[in-house]
Amino acid sequence: MKILLTGGAGYIGSHTALQLLECGYEVVVADNLCNSSYESIRRVQEHTGKPIAFYEIDVADGEAMDALFKAEPIDAVFHFAGLKAVGESVQKPLEYYRNNLSTTITLLDRMYANGVRYIVYSSSATVYDAANVSPRLEDMSLGCTNPYGWTKFMGERIIQDFVTANPEMSAVLLRYFNPIGAHESGCIGEDPAGIPNNLMPYISQVAIGKLEKLHVFGNDYDTRDGTGVRDYLHVVDLAIGHIKALEFALKHTGTEVFNLGTGCGYSVLEIVDAFENTNGVKIPYVIDGRRAGDIDEYYADPSRANEVLGWKAERTLSDMCRDTWTWLQKNPNGFRE
Ligand code: NAD
Ligand code: WQD
């Protein structure tokens, strides 16, 4: 069975490509490399000893997508392609709406025209209204605070409406919580450009001495130790969740939505402690003011994915810290030489 991964050269896409190949699927990737490099694809092929058909194209380019669907008999699509930086989306809203929505619309249109009926979509826990209490359940109210979040919200809506209009289609919307970690081999991992925005990539840069100290954004939240609490899950567990979602999609029609998280929240200081204790590395930090738009805590109720998909996050926080460190030690400059 041949699976198309849009955005498959990126962080989550490359880990999913590796798992798919190891499970015997064939993989095709469409990525314009605007936030990734071909090196991730090369490494996945090297690690698995299996080929990936790679198309360096913009998923919003209908002609290029048509040519891909004509050249490759695709059975199902994992739609990872998109821009994902919250702060940047506030500065450049049109870029985010144009890229994230036009890729989704063109993809659905060209998939359907070429007879492809199954799609698994990368949504986000960010689509939940911040006023909800945790754990977050799939049927809780939605609402976003930044353009990036709205693109994920609208992406869900567009897919749902398209599937309603074409009931032979099957879509699974996956709301990821906070993916971190790397493949245990250290051959692929997260490689953000510039100074990282997210916690684990920032801790990573401090750990290898490229940044002096972590800035903890607020210690006056209503949480165990005053710092923000999130549901961190291992990126390999997330990748496996996509394969479970695909198996489900192949047997159903309509649209279904699932949280992918562990159901367990950790604070910023607990993450720092876990990284230090697992890897024996000191992470100096200072307490700064709150980051605009942050909330106290959110974590998933993953029961629906546990029960319906038969998926459960297996890897521990210590595994996430260990595998991040292995990736960093082997690749202190990420995918760059
Ligand atoms: P990433 O930036 O590493 O990967 C996204 C990939 O999409 C990149 O390789 C990029 O080059 C490609 N891309 C972007 N626009 C494209 C276009 N128009 N045409 C072709 N390729 C394009 O991000 P990631 O962390 O792997 O995230 C994957 C998906 O998961 C995204 O849709 C993101 O919104 C979603 N998501 C990520 C997180 C997270 O914390 N990483 C959480 C929730 C949801
Ligand atoms: C985690 C915690 C920060 C950096 C983001 C997106 C969300 C989703 C996942 C895509 C918070 C604190 C962080 C730092 C810190 N992405 N922090 N110092 O904000 O939960 O979610 O990524 O869909 O949409 O918003 O993740 O890793 O940025 O922050 O103290 O340098 O770490 O305040 O409590 P977040 P994060």
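The values are calculated or read from the model by the stated rules, or taken from the named source; none is laboratory data. Bear in mind the structure is a predicted one, so any value in this text is a computation, not a measurement. So basically every Cβ, Gly included, is an ideal-geometry build from the backbone, and we count neighbours across all protein chains shown. Only protein heavy atoms, including side chains, enter the accessible area calculation; ligands, DNA and RNA are left aside. Shrake-Rupley method; radii C 1.70, N 1.55, O 1.52, S 1.80 Å.
Which value in nm describes the separation of the simple spin-label points at N333 and E314, placed 7 Å from the Cα toward the beta carbon?
Here the answer is 3.6 nm between the modelled labels.
Rg and Dmax of the chain over Cα atoms: what are they, in angstrom?
Radius of gyration, then largest Cα-Cα span, for the chain: 19.1, 56 Å.
Only four residue types carry charge here, +1 at the Cβ of Lys and Arg and -1 at the Cβ of Asp and Glu. Report the dipole size of the stretch 1-125 about the Cα centre in Debye, rounded to the nearest 20. Please list the in-between numbers first.
Details: 10 positive and 15 negative charges, 46 e Å.
Dipole size: approximately 220 debye.
Using a probe radius of 1.4 Å on heavy atoms only, what accessible surface per residue do you get for the stretch 59-126? Whole Å² is fine. Don't jump to the answer; show the numbers that get you there.
Numbers: 2840 Å² over 68 residues.
Result: 42 Å² of accessible area for each residue.
Is there a pair in K210/K282; K84/K244; K50/K312; K84/K330 whose C-alpha atoms are over 22 Å apart, and which pairs would that be?
Details: K210/K282 13 Å; K84/K244 24 Å; K50/K312 27 Å; K84/K330 26 Å.
Pairs exceeding the cut-off: K84/K244; K50/K312; K84/K330.
Restricting things to alpha carbons, find the Rg to Rh ratio for the stretch 165-274 using the Kirkwood radius for Rh. Walk me through the numbers before you get to the answer.
Numbers: Rg = 17.5 Å, Rh = 16.3 Å.
Taking Rg over the Kirkwood Rh, I get 1.07.
Hey, any idea what % of the chain's accessible area is carbon plus sulfur with a 1.4 Å probe? Intermediate values should be presented prior to the final figure.
Numbers: 6960 of 14130 Å².
It is 49 percent, rounded to a whole number.
Tell me the net charge near N32. Cut-off is 11 Å between Cβ atoms, N32 excluded, with +1 for each Lys or Arg and -1 for each Asp or Glu.
Details: positive: none; negative: D31, E56, D58, D61.
Net charge in that neighbourhood comes out at -4.
Quick check: from the Cα gyration tensor, does the stretch 253-337 come out rounded (a/c under 1.5), prolate or oblate? Write out the running numbers ahead of the final one.
Values: a/c = 2.02, a/b = 1.47, b/c = 1.38.
The shape class here is prolate.
If you restrict to DSSP beta bridges whose two residues both lie in the chain, what percentage is antiparallel, to the nearest 5? Numbers along the way, then the final one.
Details: 3 of 44 bridges.
Rounded to the nearest five, the antiparallel share is 5 percent.
Per residue, how much accessible surface does the stretch 145-229 expose to a 1.4 Å probe? Answer in Å², no decimals. Spell out each step's value before the answer.
Working: 3430 Å² over 85 residues.
Per residue, the stretch 145-229 has an accessible area of 40 Å².
Rounded, prolate or oblate: which fits the stretch 281-321 when a ≥ b ≥ c are the square roots of the eigenvalues of the alpha-carbon gyration tensor, with rounded for a/c under 1.5 and prolate only if a/b beats b/c? Show your work: numbers first, answer last.
Values: a/c = 5.91, a/b = 1.63, b/c = 3.62.
Here the stretch 281-321 falls in the oblate category.
Does anyone have the angle between helix 268-279 and the longest principal axis of the chain? Alpha-carbon axes, 0 to 90°, nearest 10?
It is inclined by approximately 90 degrees.
Under 10 Å from the Cβ of P201, count the other residues' Cβ atoms, weight Lys and Arg +1, Asp and Glu -1, and hand me the total. If you can, show how the numbers build up before the last one.
Details: positive: none; negative: E190, D191.
Once positives and negatives cancel, what remains is -2.
Heavy atoms of the protein only, probe of 1.4 Å, neighbouring chains included. What is the accessible area of Y112 in Å², nearest 10?
Only protein atoms counted, so the area is about 70 Å².
Considering only T106, T151, L260, whose Cα is most displaced toward the positive end of the charge dipole of the chain, charges sitting on Cβ of Lys, Arg (+1) and Asp, Glu (-1)?
T106
Along the Cα→Cβ direction, 7 angstrom out, place labels at S185 and S37. What is the inter-label distance in nm?
1.8 nm
Does the stretch 180-233 classify as rounded, prolate or oblate by the C-alpha gyration tensor (a ≥ b ≥ c root eigenvalues; a/c under 1.5 gives rounded; else a/b over b/c gives prolate, otherwise oblate)?
Note, shape of the stretch 180-233 comes out oblate.
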